[in-house]
Amino acid sequence: MSTQQQSAGRGLRIAAWVLVPLGLVLVLGAVGGIVRGGGLEGERITVRGDAMRPTYSPGERLTVMRVGEGEIRRGDVVLVSVPGRYGNAPALQRVIGLGGDHVESRDGVRVAVNGKRIDEPYAMRDPLGPAGSPYDVTVPEERLFLLGDNRPVANDSRYFLDEQSGSVAASDVRGRVRAEGAVPLALWAMVAFGALLALVGIGSGVWGYMTRQRP
């Protein structure tokens with residue numbers, strides 16, 4: 001075997017010693033993040049009240065992921081901490097309107113955003129109870145109009161209409177509830193990349209060993 005071949009084989013074996021452990025570390029770290037519920041950016045909370053029934057029930061454990069103000073979308077369920085509301089305790093509510101949206105309910109039940117009635121299969125209403133009060137607001141910029149899914153009991157934007165149309169600042173959002181079973185794409189990418197590194201390392205090690213055995 002030539003000196004060049006020996007050098008190449010040694011290099012492959014060294015690469016194997018580096019790539020295999022590195023790949024395994026990445027895979028195990030990502031799997032750990034998935035098991036913990038979504039990675040380092042996730043916050044585990046316990047639902048405390050009935051305001052988000054039937055979507056979320058008291059005692060249910062949820063993962064809340066940090067989200068930028070510009071990433072918040074209509075329909076998101078968010079955890080908010082609003083100074084002066086709810087005893088300064090965090091609350092779970094659903095985003096109905098974003099800054100600039102026109103939100104109205106002429107009968108206190110059905111909700112329209114920008115003139116279009118929205119479908120709300122998640123909302124719980126009391127068919128025997130009184131309808132809520134009508135409202136008609138325009139959400140200020142960089143703020144959100146929020147409602148609880150359990151409309152008869154939720155203490156939401158409808159009850160603070162004299163405070164900037166009931167809205168809350170987007171900066172008051174602590175995070176968005178992660179859909180059950182959803183895992184950040186970055187974690188799956190880390191698993192795939194780690195597995196690839198480990199496989200390349202194993203292949204390099206095998207080839208390097210075979211090279212060393214050649215006469």
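Since every read-out is calculated from the coordinates, none of them should be taken as a lab result. Predicted model only: the values in this text are computed from it and were never measured. Virtual Cβ from ideal backbone geometry, glycine too; neighbours counted across all protein chains shown.
Put +1 on the Cβ of every Lys and Arg and -1 on every Asp and Glu Cβ in the range 38-113; which of G75, M65, T46 then has its Cα farthest towards the positive end of the dipole?
My answer, from the dipole projection, is T46.
Ordered by residue, what ³J(HN,Hα) values in Hz, to whole numbers, does the range 84-98 give under the Karplus form 6.51 cos²θ - 1.76 cosθ + 1.60, where θ = phi - 60° and Gly and Pro are x?
x, 10, 6, x, 6, 8, x, 9, 9, 8, 9, 6, 9, x, 9
By what distance, in whole Å, do the Cα atoms of the range 42-91 stretch along each of the three principal axes, largest value first?
Ordered largest first, the range 42-91 gives principal extents of 30, 24, 20 Å.
On full extension of the chain, what length is gained from I202 through R125, given 0.36 nm per residue of separation minus the C-alpha to C-alpha distance?
On the way: separation 77, 0.36 × 77 = 27.72 nm, distance 5.94 nm.
Residue separation times 0.36 nm, minus the Cα-Cα distance, leaves 21.8 nm.
Could you list log10 I(q)/I(0) for the range 58-115 at q = 0.20, 0.26 Å⁻¹, which the Debye formula gives when each Cα is one point scatterer?
Per q value, in the given order, log10 I(q)/I(0) is -0.97, -1.17.
Taking the Cβ-Cβ separation of N114 and A169 as r and a Förster radius of 30 Å, what is the calculated FRET efficiency to the nearest 0.05? Numbers along the way, then the final one.
Details: r = 21 Å, r/R0 = 0.70.
That pair, N114 with A169, gives E of 0.90.
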